[in-house]
Every structure is written in structure tokens, then in C-alpha cells.
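Before any comments, here is the structure.
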Amino acid sequence: MTALLHVEGLGKRFGGFVALEAIDLEVQDGERLGLIGPNGSGKSTLVNCICGTLRNETGSVSFAGEKIDGLLAHERTRRGLARSFQLPRPFASLSLVENLRIPILYAVNARRTGRLAGAAIDARCRDVLGQVGLAEKATRLPRDLTQIEMRKLELARAMAAEPRVLIADEAMAGLSHGEVDEIIALLIRLNRQGVTVIMIEHIMRAVMEFSQRLAVLVAGKKIADGMPKDVVRDPEVVRAYLGE
């Protein structure tokens, strides 16, 4: 079976520093993958290379059977590869609805033959906001949101692009136990709707509850990839990430 996302031999350097070395990773259509590793392990660099924010020096990235090396970040988003950011980056002067219109106009409509317009865009925005529990605040500004609502808006902006793959980068950082559960439930619902989800997270409880498969990066290398219960028992993972 051809993987929806295929990373082969990917390498990235910053001067003499090797950030990623020969990373191989496959993600199947509909899968929930957890990507973990200590700070500085290369997780964000890998995501940036996959999404087109950074250019890898070696290796390749393929999406839906086609190589996407050389494509800009917005071109990859238009193909169905979206991400949320650890630090939410909404347009501060725009309402929640207006924030969601942007990915619809510039990502969804860019690949559709029958483009959404007017009332259809507004309905789609409100539907996505409803999915994340923000429908009642559709006309509010981001500054009016709580921390978890800001996280939900960040995910909603990625969801509005109608991705086939969503990379959620530490969407639960700084949240309470109950709020973490809300984000896990949201990502699982999204996955059940057909979106492949890659979750980068430090909260191991969330990682274990969410992930069908777990990949581990340490010092720019992938040291484990498999069933979560097996990966967390791997002696190398225990030494490098979980502690002795």
C-alpha cells in the first residue's frame, strides 16, 4: 500500500550542525501518528521540511504519490497538507469567521473546480467553528479568546483548509488536564472524518491515548517507530527520552 505521506532519507543542516539525518517516515491514509522526542530532537525541523517552510538538503518528501520537493509551503497546503502551530498565529484584527475565510479562499478554492463563494464560505466557516466549539464567538476577535479557545481557533484554521493530512504541533501545551482531553477528542473526531493526523506532543498521556503508531526522534535521528506500547518500552527510547 502506497503511503499518503512518504519521507525518505531526509537530511537538514544548519551550517555544521546536523539537525536531521537520513529520516525515513511513512504515514498511511487515515492514520493517527504521534511524533515525540526531547527538545532539540528535530521534530519541528522535520515538520518544517515536510510542510515546505524549510528546504531539506538531502532526501525527498512525497505526498499522495507525488514528490513535493521544491514546492512552497502554500502550494503544499493547497494539495492538502496543513499544520497548526505551537504558538497560535491568527490575524489579530480579523474576527474568527474572517480568519477561517482566508484558508478557504487561498487553499480550498485554489484546488476546487467549483469554488465556494459568499454564503457558502460563511456557512463552511461557521461549520468548522461549530466543530471546535467556537460558533458562538464567530464574530469576536482572537484577543477575546481564552488559551484553549485560541488553540481551538488555530486547529480550526488548519481544518478550514480541508487537509488530507493535519500536523498538530503541540496543540495542548499549557492546557489543564480537562482541556487536554478536549483537544484529544477534537483530533480523534477529525481523524474519524477522514483526516490523517500527525500529533507532536510532550504530554505522554495524550500521546498514548491518541496515537495508533509512535515515532521517536532523538538528536536528529529516528530511533523508534511502531506500536506505542512497544515504543515506550524500547530501552533506547527509555534512555534517551523517558529517562532511566
Q) What fraction of the Cα pairs in region 69-162, stated in percent, has a spacing above 17 angstrom? A) 47 percent
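On average, how much accessible surface per residue is there in region 11-82, in Å², for a 1.4 Å probe, leaving out ligands, DNA and RNA?
Details: 3140 Å² over 72 residues.
Here the residues of region 11-82 average 44 Å² of exposed surface.
Given Cα pairs under 8 Å that are at least 6 residues apart, what percent is the relative contact order of region 1-99? Intermediate values should be presented prior to the final figure.
Working: 132 pairs, mean separation 27.6, N = 99.
Dividing the mean separation by the residue count of region 1-99 yields 28 percent.
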Q: Averaging over all projection directions, find the projected area of the Cα convex hull of the chain and quote it in nm² with one decimal place.
A: 13.7 nm²
Q) Taking H as built 1.01 Å from N, whose amide H comes closer than 5 Å to the amide H of Val218, not counting residues under 5 places away? A) Ile223
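For region 107-240, with every protein chain kept in place, what is the accessible area per residue (1.4 Å probe, Å²)?
Details: 5880 Å² over 134 residues.
Normalised by residue count, the accessible surface of region 107-240 is 44 Å².
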Q.
Going by Cα centres, region 175-244 and region 24-75 are how many Å apart?
A. 17 Å
Q.
Could you derive backbone 3J(HN,Hα) for region 9-22 from the dihedral phi with the Karplus parameters 6.51, -1.76 and 1.60 (θ = phi - 60°), listing whole Hz in sequence and x where the residue is Gly or Pro?
A. x, 6, x, 9, 10, 10, x, x, 8, 8, 7, 9, 9, 6
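Please report the relative contact order for region 161-214, taking Cα pairs under 8 Å with a sequence separation of at least 6, and give it as a percent rounded to a whole number. Walk me through the intermediate numbers first.
Working: 46 pairs, mean separation 25.7, N = 54.
Relative contact order comes out at 48 percent.
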Q) Given H placed on each backbone N at 1.01 Å, which residues far from Leu20 in sequence or on other chains put an amide H within less than 5 Å of it? A) Lys12
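Divide by every residue of the chain the summed helix terms, -39500 (n - 2.57) for each DSSP H run of at least 4, and state the resulting mean residue ellipticity at 222 nm, rounded to the nearest 500 deg cm²/dmol. Intermediate values should be presented prior to the final figure.
On the way: 8 runs with 79 residues, N = 244.
Estimated from H runs of four or more residues: -9500 deg cm²/dmol.
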Q: Step through the table entries Lys43/Lys67; Lys67/Lys222; Lys67/Lys229, compare each Cα-Cα distance with 24 Å, and write down the pairs that go over it.
A: Lys67/Lys229
Q.
From Cα pairs below 8 angstrom and at least 6 apart in sequence, can you work out the relative contact order of the chain, rounded to a whole percent?
A. 26 percent
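Which order do the peptides 122-131, 45-54 come out in when sorted by mean C-beta neighbours inside 10 angstrom, highest first?
Numbers: 122-131: 17.5, 45-54: 20.9.
Sorting 122-131, 45-54 by mean packing, highest first, produces 45-54, 122-131.
The values are calculated or read from the model by the stated rules, or taken from the named source; none is laboratory data. Remember, predicted model here, so these are calculated numbers, not experimental data. Methodologically, a virtual Cβ is constructed for each residue, glycine included, from the backbone with ideal geometry; neighbour enumeration extends over all protein chains shown. Accessible surface areas use protein heavy atoms only, side chains included; no ligands, DNA or RNA. Shrake-Rupley method; radii C 1.70, N 1.55, O 1.52, S 1.80 Å.
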